[in-house]
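The values are calculated or read from the model by the stated rules, or taken from the named source; none is laboratory data. Here the structure is a predicted model, which means the values were calculated and not measured. All Cβ positions, even for glycine, are placed from backbone atoms using ideal geometry, and neighbour counts span all protein chains on display.
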Amino acid sequence: MKANEHWEKIHQEKTADQVSWYQSEPTVSLAMIAKTGCDVDQPVIDIGGGISNLVDHLLAASYTNLAVLDWAASALAQTRQRLADKETLVRWIVGDVLTVELGGPYRIWHDRAVFHFLTEKEQQQRYLSRMADVVPAGGHAILSTFALDGPEKCSGLPVVRYSSDSLSELLGETWERQEACLYDHHTPWQSVQRFQASRFQKKA
Ligand SMILES: C[S@@+](CC[C@H](N)C(=O)[O-])C[C@H]1O[C@@H](n2cnc3c(N)ncnc32)[C@H](O)[C@@H]1O
């Protein structure tokens, strides 16, 4: 089975509260987005947004230039349906973050629990180079992954676990870390997964 078929299957068969990564409110992401200080008309992209309600919260906070990317069309269809008439306010991009036309530029690149699935160096470098292509100097990248003491798998797939330092090293000197935190994510069935979230700003 191809990786995106795995995700299509998950999103077709499970409801939001049956997936481990579900959050009723993406508080860490929202706080980091607010901390960028960017105006609400600045372009923001959520990578692998899936069925996350981050986009709902950003629309409610009056963000006007939002894009959500995911390679599982069924996930984006659910999110669009949930948003009803507000779905027209968002740009939806169905495709692999490593190959799809990303559009942009984006002032904020947000990714929770997607980058950590890229287990090969070449994939990681391709992802980071694409991110750097569409985020101009002064823009922000918020990357949330399983922490070093987090689970070894997510949705049954192997992941790479990061500390904020190891992630920072991978991003390289073009990106300056602005803040980082560790947090415990409680799955809908109350197991605990340790995440790290880091916000970087692209240097001039
Ligand atoms: C673990 S879920 C996280 C969803 C969301 N970010 C959240 O925090 O609730 C991972 C999501 O990323 C998507 N995804 C994984 N790899 C991807 C890729 N290479 N390109 C685009 N989407 C991808 C999956 O379809 C899935 O919706």
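Determine whether A77 is small (G, A, S), over 22 Å from Q124 (Cβ atoms) and touching an Asp or Glu at 6+ places or on another chain (Cβ under 8 Å).
It is false that A77 is small (G, A, S), over 22 Å from Q124 (Cβ atoms) and touching an Asp or Glu at 6+ places or on another chain (Cβ under 8 Å).
Across region 104-146, what is the total count of residues that are surrounded by fewer than 19 Cβ atoms within 10 Å (Cβ to Cβ) and basic (K, R)?
Of the residues in region 104-146, 3 are surrounded by fewer than 19 Cβ atoms within 10 Å (Cβ to Cβ) and basic (K, R).
What strands (runs of 3 or more DSSP E), lying completely within region 16-94, carry at least 1 residues that are modelled with pLDDT of 95 or more, surrounded by fewer than 18 Cβ atoms within 10 Å (Cβ to Cβ) and within 15 Å of the ligand (Cβ to nearest atom)?
In region 16-94, the matching strands (runs of 3 or more DSSP E) lie at 90-94.
Among what's in region 135-157 and is part of a strand (DSSP E or B) and out of contact with any Ser or Thr (no Cβ under 8 Å at 6 or more places or on another chain), pick the residue that is farthest from A31 (Cα to Cα). Steps first, please.
At the first step, the residues of region 135-157 found to be part of a strand (DSSP E or B) are 140-147, 153-154, 157.
Filter once more, so that each one left must be out of contact with any Ser or Thr (no Cβ under 8 Å at 6 or more places or on another chain): 141, 145-146, 153, 157.
On the way: A141: 13, T145: 16, F146: 18, K153: 26, L157: 28 Å.
Among residues in region 135-157 that are part of a strand (DSSP E or B) and out of contact with any Ser or Thr (no Cβ under 8 Å at 6 or more places or on another chain), the one farthest from A31 (Cα to Cα) is L157.
If you take the residues of region 6-15 that are touching a residue at least 60 places away in the same chain (Cβ under 8 Å) and either exposed (fewer than 15 other Cβ atoms within 10 Å of the Cβ) or out of contact with any helix residue (DSSP H, G or I) (no Cβ under 6 Å at 6 or more places or on another chain) (or both), which of them is farthest from V135 (Cα to Cα)? First the steps, then the outcome.
Keep residues of region 6-15 that are touching a residue at least 60 places away in the same chain (Cβ under 8 Å), which gives 6-8, 10-12.
So of that shortlist, the ones also either exposed (fewer than 15 other Cβ atoms within 10 Å of the Cβ) or out of contact with any helix residue (DSSP H, G or I) (no Cβ under 6 Å at 6 or more places or on another chain) (or both) come out as 6-7, 10, 12.
Values: H6: 29, W7: 27, I10: 30, Q12: 32 Å.
Only one residue fits best here, namely Q12.
Determine whether region 8-15 contains at least one residue that is within 17 Å of the chain's Cα centre (by Cα) and either part of a loop (DSSP other than H, G, I, E, B) or of a type in the set (V, I, T) (or both).
No: zero hits.
Has region 158-166 got any residue that is more than 20 Å from G50 (Cα to Cα), touching a residue at least 24 places away in the same chain (Cβ under 8 Å) and assigned to a helix (DSSP H, G or I)?
Checking region 158-166: at least one residue is more than 20 Å from G50 (Cα to Cα), touching a residue at least 24 places away in the same chain (Cβ under 8 Å) and assigned to a helix (DSSP H, G or I).
Quick one: Y106 ticks every box in (1) more than 8 Å from the ligand (Cβ to nearest atom); (2) within 16 Å of L143 (Cβ to Cβ); (3) assigned to a loop (DSSP other than H, G, I, E, B); (4) in contact with a His (Cβ under 8 Å, 6 or more places away or on another chain) except a single one, so which number is it?
(4)
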